[in-house]
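FYI, it's all coordinate maths here, none of it is from the lab. The structure presented is a predicted model; accordingly, all values stated were derived computationally and were not measured. Backbone-built Cβ (ideal geometry, glycine too); neighbour counts: all protein chains shown.
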Amino acid sequence: MTPSPLNFRDFRCWIFDLDGTLTVPVHDFDAMRREIGLPPGVGTLEGLAALPADQRQERRRQLDAIGWRYVEMAEPQPGASGLLNTLQQRGCHTGLVTRNARRNALGTLDRIGLRHHFEDQAVLSRDDGVAKPAPDPIHRLMKLWQASPAETLIVGDAIYDLEAGRAAGIPAILLDPSGNSEHRSLATHCVAHLEELSSDLPE
């Protein structure tokens, strides 16, 4: 485990990605793009935004339905419950920022047994405004919690999480079990397991 440049005890506001971070990765984004007729190599939301307006709404409905199939496959990421329990015991704020639909996000949290760690107003999806990698949802949570960038961080597994964190001026922690993500250079710190974050937080 590489020593962190951060003292995680200094952070009272923790923002998490959902799919692939609090859950075990199951989404096949290439297959999702093919199913709704989006070109390869582009983000699903970016691909939808580029469509003519008369096609966009129906494709979004298709994407929401595909996303619900993955809800039914969701399993918690090892260490997620322990980390969230520790943060709760320490009185930290916890929020979730996802590019998924709100119904799918809440359904996933229910399925993996972690919804009680998040107030509804602290769960922000693509249905709640501008999505990652824009910093807007992070700014919304910081305003909700009256938090500064110095006491807020984001944990995620994708480039969108890292870019959003950097744009918001907060540390971005990359969950990279393989240790060879091409986006490691964008992260403030990388961990292979969520337990690495828990171990730096005394109870």
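Selection of region 95-130 for residues being among the polar types (S, T, N, Q) and over 12 Å from the mean Cα position of the chain (by Cα) yields 104, 108, 121. Of 173, 112, 138, 154, all but one fail to be surrounded by fewer than 21 Cβ atoms within 10 Å (Cβ to Cβ) and closer than 14 Å to residue 17 by Cβ; the exception is 112. Of everything listed in (1) closer than 19 Å to residue 154 by Cβ; (2) without any contact (Cβ under 8 Å) to a residue 12 or more places away in the chain; (3) of a type outside the set (A, V, I, L, M), the single unmet condition for residue 43 is (2).
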